[in-house]
Each structure stands twice: as structure tokens, then as C-alpha cells.
Amino acid sequence: MGSRCRPCRGPTEAGARHGSGHGRVVTYGIPVDTGPMAMYYRKDVFKKYGISVPTTWDEYAKAAEKLHKADPEAHIVNLRAIPLSGLAWETGAKWFGTEGDAWHVGVNDDQSRQLAYYLQQLVDKKLVATDQGYSPAWWNGLQSGKVATAIGAVWLNPLIAQNAPKAKGKFAVASQAHRPSDQAHRSVPTIPLSCRLKASSQPLSGVRAASPGRSTR
């Protein structure tokens with residue numbers, strides 16, 4: 001980013017957390033491999049059964065119940081194809097971090113337990129599919145509409161297009177359902193507003209927020 005962004009004016013939250021520049025060197029960002037997640041959904045299936053795009057976990061569970069009641073062979077999602085770490089992060093769970101000079105790893109905190117309980121309820125009610133993720137069975141479910149949503153990162157879009165070609169134009173993307181709380185954590189890449197991007201031949205086509213109903217290619 002250094003060649004495309006002018007020095008930021010004033011401290012930023014990221015700078016406060018990760019350290020600021022030394023001397024005349026300015027910190028523009030920290031390289032991180034992230035996978036901001038969203039919900040891909042079959043808009044035709046939602047329309048057919050009168051299902052509104054869910055924005056909270058409770059709404060997602062109710063959508064799952066409505067779908068499965070209308071079509072006992074259909075499921076809201078394939079549980080084994082969801083990045084659980086992303087869902088856990090959204091709840092506020094922290095699976096790994098540092099304490100002093102040592103790493104701390106754990107998946108048994110209260111937030112993770114709440115997530116596990118929520119997902120177990122969907123499993124017990126047979127509202128989710130449990131096929132192996134990224135398997136022919138999962139792709140077939142997405143293609144036929146028997147699996148109505150998929151939760152994943154931006155690179156899931158071309159994978160769906162490649163592996164479920166008959167569903168072309170039938171998917172839309174929306175924000176991932178979350179806890180009904182202002183404390184929900186989101187996985188969103190950001191650029192400080194005080195930075196000005198110079199003209200570039202590489203447009204930031206992927207830096208935009210998805211709203212319910214935005215069709216995928």
C-alpha cells in the first residue's frame with residue numbers, strides 16, 4: 001500500500017494496537033491473511049417458500065425450520081462446510097492468542113459453548129445437512145437448491161460457479177447472520193479514512209459491503 005497511499009494524518013486504532021512507525025517511517029497496515037465471511041443464498045428458494053433473508057441467529061434458525069417444513073429434503077446449510085472458527089469469532093470467542101511470552105489456545109470458552117449449543121439444536125431438529133464439505137454431495141445440494149445457503153469467504157463465489165454451474169444466477173449474497181447485539185464481531189478488512197488512494201490500475205473491486213439481494217456471478 002505504501003506506493004499508493006499518502007501518509008495517514010493522526011493516529012489510527014490499528015496503529016495503536018500494532019505499533020506506530022519509528023522515525024520517518026510510517027505504518028500503513030499489517031499484512032494479514034483474512035477470510036471475511038458472508039452468506040450465499042438461493043434467492044429462488046427463498047422466494048418460493050417466502051423466506052426473508054435472516055440477519056440474526058434466531059432468524060436463521062426460524063428460516064431453517066420454515067424451509068425444512070415446506071420441503072423435508074431441503075436444509076438451510078451444510079454444517080460440515082461452515083468455517084466454525086469464523087462463527088466463533090463473531091460470537092466474541094478467542095480460540096488463540098498470547099499471554100505474556102506464551103501462546104494460549106482453547107475452544108471451551110462460554111461463547112464457543114453457546115455456538116456449539118445453537119448448532120446442536122439445528123442438528124437435533126434435522127434442519128442442516130451433514131455432508132462432507134466441498135464434496136460432490138454438497139455441490140449437488142447447492143445446485144439443486146436442497147441446500148439453501150452457504151457461509152464462507154469471498155472465494156466461495158467462484159467455487160460455487162465452477163462446481164454448481166446449473167445454479168448460475170440463482171445465488172445472491174448477504175451479510176452473515178449474527179448475534180442480535182452491538183457487540184458482535186465482524187470480519188471486515190478496512191482502510192483508514194484518513195488515507196487517500198492514488199490512481200491505480202488495480203481497482204479495489206472486492207472492497208465493498210454486501211447487502212441482501214446482491215446477485216453473484
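The values are calculated or read from the model by the stated rules, or taken from the named source; none is laboratory data. What you see is a predicted model, and the numbers here were worked out from it, not measured in a lab. We place every Cβ from the backbone using ideal geometry, glycine too, and count neighbours over all the protein chains shown. Note: accessible area is taken over every heavy atom of the protein model, side chains too, but ligands, DNA and RNA are not part of it. Shrake-Rupley method; radii C 1.70, N 1.55, O 1.52, S 1.80 Å.
Some observations on this one:
- For the pair Q114 and Y134, label points projected 7 Å from Cα toward Cβ lie 3.0 nm apart.
- Taking every protein chain into account, the 1.4 Å probe leaves T149 with about 0 Å² of accessible area, to the nearest ten.
- Distance from the stretch 116-130 to the stretch 37-89 (C-alpha centre basis), Å: 12
- 18 Å cut-off, amide nitrogen to a point 7 angstrom out along K47 Cα→Cβ, residues in the stretch 163-180: 166-174
- The heavy atoms of L79 offer some 40 square angstrom of accessible surface to a 1.4 angstrom probe.
- Counting 0.36 nm for each residue step from E65 to Q121 and taking away their Cα separation leaves a gain of 19.0 nm.
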